[in-house]
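Chemist: Structure in structure tokens, see below.
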Amino acid sequence: MNDANGLPPFDALPDADQRAFIARRATARQFPAGTLLYKFTQYGLVGPGGRITPWWSGVEPLAPGDPGLAGALDRAARLGHAAKDYARARSAVTNQWNSMEGLLVIRLVRPASGYVGRCAHQPLDENPQLANVVWIGGAWQAYLPGLSSADATVCRPPQA
């Protein structure tokens, strides 16, 4: 049963989606219209299968300790890494899921409901011989199931 905002209970989400959060813990959150979200991706707003991914990061911090986009870019630079490589490690995106070649920023045009929590580690690769090698995770993520192209518009990244 969904809540008043149409959000399913966290424990009703697919198991793989729950496991994408450290200790399967996330907090329900309302995202107002105007919220800016981002991700490094090879896709546009509408990806494979004609859907919008539910997985995003906040341009502004999602929680205490979240650096937001500007902070993540600064951390990557201070470490001497490309921003997409830093994002891949901290957001735990396996190599097969996405090349992460571009920065996609969206603005919600109407409110959306979702969950916020920290990324759990994920396998480096889908190769079974590398099953014990993982991306560290730990970044804050927003999970907004059911986004449609009517809910968001692509916009330019804010100037740092």
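The values are calculated or read from the model by the stated rules, or taken from the named source; none is laboratory data. A quick note: this is a predicted structure, and the numbers were derived from the prediction, not measured. Because the Cβ atoms are built from the backbone with ideal geometry, glycine has one as well, and the counts that use them run over all protein chains shown.
Chemist: Could you figure out which of (1) in a loop (DSSP other than H, G, I, E, B); (2) of a type outside the set (Asp, Glu); (3) surrounded by 18 or more Cβ atoms within 10 Å (Cβ to Cβ) isn't true of Pro61?
Modeler: Among (1) in a loop (DSSP other than H, G, I, E, B); (2) of a type outside the set (Asp, Glu); (3) surrounded by 18 or more Cβ atoms within 10 Å (Cβ to Cβ), the lone unmet condition for Pro61 is (3).
Chemist: I've got another one for you. Could you list, ordered by first residue, the pairs with Cβ atoms under 7 Å in which the first is in segment 9-26 and closer than 23 Å to Ile136 by Cβ and the second is of a type outside the set (A, V, I, L, M) and surrounded by fewer than 13 Cβ atoms within 10 Å (Cβ to Cβ), at least 6 apart or interchain?
Modeler: The qualifying pairs do not exist here.
Yes/no matrix, rows are residues, columns are (1) modelled with pLDDT of 90 or more; (2) closer than 17 Å to Lys84 by Cα; (3) outside any strand (DSSP E or B):
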site	(1), (2), (3)
Gly114	yes, no, no
Gly117	yes, no, no
Glu126	no, no, yes
Gly137	yes, yes, yes
Pro145	yes, no, yes
Ser148	yes, no, yes
Val154	yes, no, no
Pro157	no, yes, yes
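Chemist: Moving to a separate point now. Looking at segment 91-110, is at least one residue at pLDDT 95 or above and under 21 Å from Arg25 (Cα atoms)?
Modeler: no
Chemist: Right, another one. Within segment 68-83, can one find any residue that is buried (at least 20 other Cβ atoms within 10 Å of the Cβ), in contact with a His (Cβ under 7 Å, 6 or more places away or on another chain) and either assigned to a helix (DSSP H, G or I) or among the aromatic types (Phe, Trp, Tyr) (or both)?
Modeler: no
Chemist: Exactly one condition in (1) outside any loop (DSSP other than H, G, I, E, B); (2) surrounded by 15 or more Cβ atoms within 10 Å (Cβ to Cβ) is not met by Gln30; state its number.
Modeler: Just one mismatch for Gln30, condition (2).
Chemist: Name every residue in segment 122-155 that is more than 17 Å from the chain's Cα centre (by Cα) and of a type in the set (Val, Ile, Thr), in order of residue number.
Modeler: Answer for segment 122-155, where residues must be more than 17 Å from the chain's Cα centre (by Cα) and of a type in the set (Val, Ile, Thr): Val133, Val134.
Chemist: Within segment 32-42, which residues are touching a Leu at 6+ places or on another chain (Cβ under 6 Å) and closer than 11 Å to Arg107 by Cβ?
Modeler: Result: Ala33, Thr35, Tyr38.
Chemist: Quick check on segment 66-73. Is at least one of its residues within 16 Å of Arg156 (Cβ to Cβ) and acidic (Asp, Glu)?
Modeler: no
Chemist: From Gly114, Gly146, Gly68, grab the single residue that is closer than 18 Å to Trp55 by Cβ and free of Cβ contacts under 8 Å to residues at least 40 places away in the same chain. Spell out how you get there, then give the answer.
Modeler: Values: Gly114 fails: free of Cβ contacts under 8 Å to residues at least 40 places away in the same chain; Gly146 fails: free of Cβ contacts under 8 Å to residues at least 40 places away in the same chain.
Result of the check over Gly114, Gly146, Gly68: Gly68.
Chemist: Which of the residues belonging to segment 94-112 are in contact with a strand residue (DSSP E or B) (Cβ under 7 Å, 6 or more places away or on another chain), farther than 11 Å from Cys155 by Cα and either of a type in the set (S, T, N, Q) or part of a strand (DSSP E or B) (or both)?
Modeler: Passing the criteria: Thr94, Asn98, Gly102, Ala112.
Chemist: Quick check on segment 33-43. Is at least one of its residues among the charged types (D, E, K, R) and crowded, with 20+ Cβ neighbours inside 10 Å?
Modeler: Yes, segment 33-43 has at least one match.
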